[in-house]
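See structure below.
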Amino acid sequence: MSSTRFDLLRFALIDCNNFFVSCERVFDPRLEHVPVVVLSNNDACVISRSNEAKKLGIKMGGAVSEIRPLVTNNQVRMLSANFTLYRDLSRRIVHCLGQFCPNIEVYSVDEVFMELRETDSRAINALIRTMRQTVLQWVGVPVSIGVGETKTLAKLAAGYAKKELSTGGCFDLTASTPQDRDGVMARVPVEDIWGIGRQYSRWLIDRGITTALQLREIDQSRFGRKAGVTGLRTVKELQGIPCDSVSADDQPRRTITCSRSFGKPVVEFRELKEAIATFASQAGRELRHDGSLARCLAVYLRVPSSSPDHDAPRGTTVLIPIPTDRDSDLIRYAISGLEKIYRKNTRYTKAGVTLSDLSSRETRQTDIFADNENDRPDRISGVIDDLNSRWGGETIHYAETGTEKSWRSRAALRSPNYTTCWQELPVAYSQPRRTQDAGSASLSLQ
């Protein structure tokens, strides 16, 4: 790919610091400056850590049972994951960044790439520091920003900005001297480079390539035989040759999956039916959000590997005759799939629904022999989406999804949905209370 089209571009990566923990701290200042960890589904393992928790030696992915002594001895605050809150704050951060640059690619829930037209180092420095301060002021989440000639170098620079306090959370690699650039790249382990997975990093380390600087200078023909085109693109980007641009348009998803681990082993078909119907409904909402239709629906169940029922059917795929995004259709097909693989007296620990063979709703093909009444469920689903969006999830739902949902994942430590549910909005107020002191009335606030 020619680099001429990138000559006047700089790439920036905005990376939210300890994102899940930072989101929790926005609404609970008591979590500031104390060790905090956010737990996965069923409160099983660590998926986000504050810097204070990292210093205690708590590892990402560590099981709660293993870190219990550290938690107890150091008064570590543990919280269940609240993905609804995290997604909403992520959306707000993207909206905030859009005030500065229209060319934005949402890479993940906590990472955003941008194309910067500025080439003057002083202008870039002023811009990224203004962006960082604005996100912190508007949303309350601290971010680190790195700038480079390529997306790979921007990600490398953002990692350096996050680790080095002297950078103030912002680092422009393009403004560095060749010696300083080499010094930064020499400090980045090869396994931390974007695009280098575990397999390639082991192969490189075995051959003495342990840093980003060494990978930049590697024999490309030798590495290309092992890593292929993808690996060579990474090397070229480390050399400052852009091989990828920012994709501002959201690409339609190829599959949509909704799944959960159960809070307890589930045996009864009734409970599994509720779970599968719930997942199908959630997948339908995502499908309508994307403006897509699904032609294939897969249902799967999981049992522990140590279970005597480990040979039970794991999943099945149902072909939908006419692509649809209607909850009523998706639930019906999902339950029919469940009936095919369910086995009595089997203890299931996880289930899920995956929609695939997706197409745009704008190109929908209908059955010429069907009557127009088939369009009515579309309006029903839209009304349900609007009501749930306004008043909170599952305000309106299909009976098949159940009410008690005893199979739900454990989330005993989850914070409220401060920004998406009217009933859980944070309340800030002062309540006057009159107290008597030495015969005179005084007013105290509580």
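The values are calculated or read from the model by the stated rules, or taken from the named source; none is laboratory data. Everything numeric in this text was worked out from a predicted model, so none of it was measured. Cβ: placed from backbone, ideal geometry, glycine included. Neighbour counts: every protein chain shown. We work out accessible area using only protein heavy atoms, side chains counted, and drop any ligands, DNA or RNA first. Shrake-Rupley method; radii C 1.70, N 1.55, O 1.52, S 1.80 Å.
Which order do 187, 285 take by accessible area at a 1.4 Å probe, largest first? All intermediate terms of the calculation are to be shown ahead of the outcome.
On the way: 187 145, 285 100 Å².
The ordering from most to least exposed comes out as 187, 285.
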For the stretch 405-414, what does the Karplus curve 6.51 cos²θ - 1.76 cosθ + 1.60, with θ = phi - 60°, yield as ³J(HN,Hα) per residue in whole Hz, taken in order and with x for Gly and Pro?
-> 6, 5, 7, 3, 4, 6, 8, 5, 10, 7
Protection-proxy order for peptides 233-243, 176-186, 316-326, each taking the mean of Cβ atoms within 10 Å per residue, highest first = 233-243, 316-326, 176-186
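Note down the relative contact order for the stretch 37-153 as a percent, whole number, built from C-alpha pairs under 8 angstrom at least six residues apart.
On the way: 103 pairs, mean separation 19.9, N = 117.
Dividing the mean separation by the residue count of the stretch 37-153 yields 17 percent.
Run lengths n ≥ 4 of DSSP H only: what is the helix-derived mean residue ellipticity at 222 nm for the chain, with -39500 (n - 2.57) per run over all residues, to the nearest 500?
Numbers: 13 runs with 166 residues, N = 446.
The per-residue figure over the chain is -11500 deg cm²/dmol.
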Among 266, 64, 427, whose mean-square fluctuation peaks in a Gaussian network model of the chain (Cα, cutoff 10 Å)?
-> 427
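Give me the percent of DSSP beta bridges within the chain that run antiparallel, rounded to the nearest 5. Please report the intermediate quantities before stating the final value.
On the way: 50 of 58 bridges.
Counting only bridges with both partners in the chain, antiparallel ones make up about 85 percent.
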Beta bridges by DSSP in the stretch 32-104, antiparallel share as percent, to the nearest 5 = 50
From the Cα centre of the stretch 294-340 to that of the stretch 398-413, the distance in Å is 19
When Lys and Arg each count +1 and Asp and Glu each count -1, what net charge do the other residues less than 13 Å away from residue 93, Cβ to Cβ, add up to?
-> 0
Accessible surface, the chain, averaged per residue in Å² (probe 1.4 Å) | 54
Pick from 121, 305, 48: which residue has the top mean-square fluctuation in a GNM of the chain where Cα pairs under 10 Å get a spring?
-> 305
Charged-residue dipole, Cβ positions (Lys, Arg, Asp, Glu), the chain about Cα centre, Debye nearest 20 = 1180
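Report the net charge of residues surrounding residue 316, where surrounding means a beta-carbon distance below 11 angstrom and charges are Lys +1, Arg +1, Asp -1, Glu -1. Show your work: numbers first, answer last.
Values: positive: 314, 340; negative: 339.
Summing Lys and Arg as +1 and Asp and Glu as -1 gives +1.
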Taking the Cα atoms of the stretch 179-288 alone, what are Rg (to one decimal) and Dmax (as a whole number) in Å?
-> 21.9, 66
Please report, to one decimal in angstroms, the Kirkwood hydrodynamic radius of the stretch 103-157 built from all distinct Cα-Cα pairs.
-> 12.0
J(HN,Hα) series, the stretch 99-107, from Karplus relation 6.51 cos²θ - 1.76 cosθ + 1.60, nearest Hz, glycine and proline x = 5, 9, 8, x, 8, 10, 10, 7, 7
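Note down the net charge around residue 404, summing +1 for each Lys or Arg and -1 for each Asp or Glu among other residues with Cβ under 14 Å from its Cβ. Don't jump to the answer; show the numbers that get you there.
Details: positive: 264, 270, 273, 405, 408; negative: 268, 271, 274, 394, 400.
Residues close to residue 404 contribute a combined charge of 0.
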